[in-house]
Structures are given as C-alpha cells and as structure tokens.
Amino acid sequence: MPINWIKKIASKADHNAFVDLCEFKQLLFCCYREAENHISADGTIRILTLDVGGKVLRSDRIAIANTDLRDPKITLTPDGQLLLIAYARQTSTNNQTIGTRNLTWVSQTGHSWSAAKEFADRGWWCWRVRWHNNQAYGFAYNKKHNAVHLYSGNPRRSFHLHQPFALSLHKHQKGYPNESDLIFDKNKAYALVRRDADSYTAQLGHSRFPYKKWSWIDLDRYIGGPTMLRLDKDYALVAGRIVKQGRLVTGLLKMNLVNGELQELLLLPSAGDNSYPGLVMTKDSLYVSYYSSHKDNKSCVYLAEINIHALLMQK
C-alpha cells in the first residue's frame with residue numbers, strides 16, 4: 001500500500017472541515033473551518049503548524065464577529081509569505097446571509113496574521129488562487145449567473161476581473177460551474193472545475209497566455225472540492241470528492257492533461273461528509289489533508305503521508 005500513515009489532526013470542534021495544505025519553511029500548514037455544523041453561522045478558521053511526521057506544533061485561530069468564514073485556502077506568495085483566503089458570510093441572529101465578500105490575510109511566520117482585506121467582487125466566490133510569473137489567478141463562481149469568472153493580480157493589492165464567463169451555462173451549455181483549481185506549465189494553463197447541474201460532470205479547461213480564451217473537456221464524472229498538482233507536462237494528480245459504488249469518498253486520481261482521461265489511484269478512508277483535500281508533494285512523499293466523518297459520524301481533519309512513487313506505480 002502506498003499509504004505510509006494517516007493521522008487524525010483535528011477533532012476539537014463539532015464540525016471540522018473544508019481543508020487546505022501548504023508547505024512553508026520545511027513545515028506543513030493546514031487550514032480548515034471550525035463550526036457547529038456544515039452551514040452554521042459560527043465558522044472560524046483554524047491554522048495548524050505541523051512537522052512532516054504529522055505532529056501538531058502550534059494552533060492559531062482567525063475569527064470575525066457575526067461572520068461565517070468558509071473554505072479557507074492557503075498558499076505561498078512569490079515573496080515568501082503565506083497568503084490565506086476565505087469566503088466571509090455576514091450573518092443575522094437567525095443565520096440568514098446579510099452579505100458576502102472574499103477576504104485575505106498574510107503572514108510572514110504562519111503564526112501571526114495581518115488584518116483581513118477584501119478582494120475580488122462581491123457576489124462572486126473566489127474559490128482558490130494560484131501563482132504564476134509573480135501573479136495570482138483564481139476562478140470565482142456565482143450560482144445565479146451559472147458561471148465562473150477568471151481573476152488575476154495580487155489579492156492584497158489589486159485583483160481584477162481577467163476573463164468574464166470563462167465557463168458558463170450560457171456560453172458552454174454547462175450548468176453551475178463552481179469549485180476549481182488551476183495549474184500552469186510555462187504559457188499554458190489548465191483548470192479543473194466542479195459542476196452541480198445537468199450531468200454534474202467536472203470540466204478540464206485549456207488556455208494559453210494571456211488566458212482569455214478557454215476550451216473545455218467534459219471529464220464524464222463528478223469531482224467535488226477539486227485540487228491538482230502537476231506531475232509532468234502531460235499529467236496531473238487530482239484529489240477531490242468522487243462517487244464510488246454509490247458513495248461519496250475522497251479519492252486521488254491521475255489525469256491526462258491532453259484528453260482528460262482519469263485513472264483512479266487511491267481511495268482514502270472516508271465516508272459521509274468528507275473530502276475538500278489539500279496537497280503538498282515533496283521528493284518522495286505526498287501529503288494529503290482532508291476531512292471525513294467515517295468515524296463516529298463526526299467530521300474530523302486527517303493528514304496522510306503517501307509514498308508518491310508507489311502511488312504512481314499502481315495499475
């Protein structure tokens with residue numbers, strides 16, 4: 001088996017979920033949402049500092065009054081800082097949504113964080129940002145518009161609309177595109193986008209600089225909370241929530257970037273409310289953070305170390 005170990009790293013809150021992972025100064029930084037449940041108004045962000053053996057060294061928390069902080073994502077900026085983003089849902093006393101905005105924080109240590117700063121457009125949920133040639137790119141989605149926009153710039157300074165309706169129901173006949181990830185290879189960009197309408201099939205996008213024109217391949221299967229790592233010029237590692245024998249589980253797949261062909265590599269121990277993984281790859285190891293409720297019906301955060309060579313050798 002390619003799995004070296006799996007450890008439960010977070011179970012403090014009633015609901016621990018929506019996870020991301022980043023490597024910084026030879027340590028792992030895992031962020032996730034702590035709350036009463038999946039849709040409660042009390043969402044806060046927890047950031048764990050871990051060694052490469054999965055031991056939690058430090059725990060930090062970000063909270064904003066009357067605000068549900070959702071789906072945090074963490075990445076390393078070109079100037080060597082940690083950048084954290086989240087979707088902030090301002091709530092009323094009975095958990096009605098008053099307003100939403102995209103927020104970002106930065107840290108030089110991973111332990112103390114700047115004040116929150118708004119970025120991108122309100123009403124459009126910027127799911128994740130990725131850096132390429134000193135610029136950040138990210139897709140934002142809007143359910144009402146059945147579309148994703150591509151944004152670019154620096155989320156702490158100017159993050160502007162780069163290409164509206166890069167994937168949409170109106171232009172592409174593909175309903176409700178939403179969660180996404182991006183990878184780059186020189187002047188090429190590849191996008192992976194979840195959908196939750198009609199066939200529910202994820203899409204693989206291709207574009208070349210300046211990333212204004214996108215072509216899309218239907219992957220013919222559902223992938224929720226998708227994330228990617230580039231393996232080489234033709235293949236990427238994909239993680240997310242997939243359907244297996246009628247159940248939603250957290251899976252790792254190998255994707256052909258040319259034609260979108262997918263190969264299942266590994267199913268992680270998972271069931272019920274689960275997935276939204278983060279990926280970090282070193283020379284020999286793949287670290288996967290994710291959440292699952294397969295034990296005691298409680299959603300907890302897990303960290304797995306996987307032998308990357310053994311994983312990719314699987315038939």
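The values are calculated or read from the model by the stated rules, or taken from the named source; none is laboratory data. As the structure is a computational prediction, the values presented were derived from the model and not from experiment. So basically every Cβ, Gly included, is an ideal-geometry build from the backbone, and we count neighbours across all protein chains shown. Quick note on the areas: whole protein, heavy atoms, side chains included, nothing else; ligands and nucleic acids left out. Shrake-Rupley method; radii C 1.70, N 1.55, O 1.52, S 1.80 Å.
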Using helices alone, what [θ] at 222 nm do you get for the chain, with -39,500 (n - 2.57) per DSSP H run of 4 or more residues, divided over all residues and rounded to the nearest 500? -500 deg cm²/dmol
For region 193-210, in order, what is each residue's ³J(HN,Hα) by Karplus, 6.51 cos²θ - 1.76 cosθ + 1.60 with θ = phi - 60°, in whole Hz (x at glycine and Pro)? 10, 6, 9, 10, 8, 6, 7, 6, 8, 6, 10, 9, x, 10, 7, 10, 3, x
Counting sequence-distant residues (5 or more places) and residues on other chains, those with an amide H built under 5 Å from that of Lys174 are Ser168, Leu169
Farthest positive-ward along the chain dipole, Cα basis, beta-carbon charges - from Leu279, Met1, Thr75: Thr75
Ranked output for segments 284-291, 23-30 by mean other Cβ atoms within 10 Å, highest leading, reads 284-291, 23-30
As straight-line cross-link partners of Lys171, the qualifying lysines (C-alpha separation under 18 Å, not fewer than 8 residues apart within one chain) are Lys143, Lys144, Lys212, Lys213
Which whole-Hz ³J(HN,Hα) couplings does region 274-284 yield from phi under the Karplus relation 6.51 cos²θ - 1.76 cosθ + 1.60, θ = phi - 60°, glycine and proline marked x? 7, 4, 6, x, x, 10, 9, 10, 10, 4, 10
Evaluate the distance, in nm, between pseudo-label points positioned 7 Å from the Cα of Ser285 and of Gln90 along their respective Cα→Cβ axes. 4.3
Could you give the nm distance between label points at Lys55 and Ser11, where each point is 7 Å from its Cα heading toward the beta carbon? 2.0
From a point 7 Å beyond the Cα of Thr100 in the direction of its Cβ, which residues of region 119-159 have a backbone N at a distance under 18 Å? 119-129, 138-151
Peptides 180-191, 268-279: what's the order by average Cβ count within 10 Å, highest mean first? 268-279, 180-191
Of all accessible surface on region 81-208 at a 1.4 Å probe, what whole percent is carbon and sulfur? 46
Going through the cross-link list Lys73/Lys295; Lys12/Lys298; Lys174/Lys254; Lys7/Lys298, which pairs have a Cα-Cα distance over 19 Å in this structure? Lys73/Lys295; Lys174/Lys254
All aspartates and glutamates inside 15 Å of Lys188 as judged from Cα atoms, apart from same-chain residues fewer than 8 positions distant: Asp232, Asp234
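Express the accessible area of the chain per residue in Å², computed with a 1.4 Å probe while the remaining protein chains stay in the model.
Per-residue value: 43 Å².
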Here region 157-172 yields Karplus 3J(HN,Hα) values (6.51, -1.76, 1.60; θ = phi - 60°; whole Hz; Gly and Pro given as x) of 10, 10, 10, 10, 5, 9, 8, x, 6, 4, 9, 7, 5, 5, 8, 10
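Where the only charges are on Cβ atoms (+1 Lys, Arg; -1 Asp, Glu), what is the dipole of the chain about its Cα centre, to the nearest 20 debye? Could the numbers behind the result be given before it?
Values: 41 positive and 28 negative charges, 94 e Å.
Roughly 460 debye for the chain.
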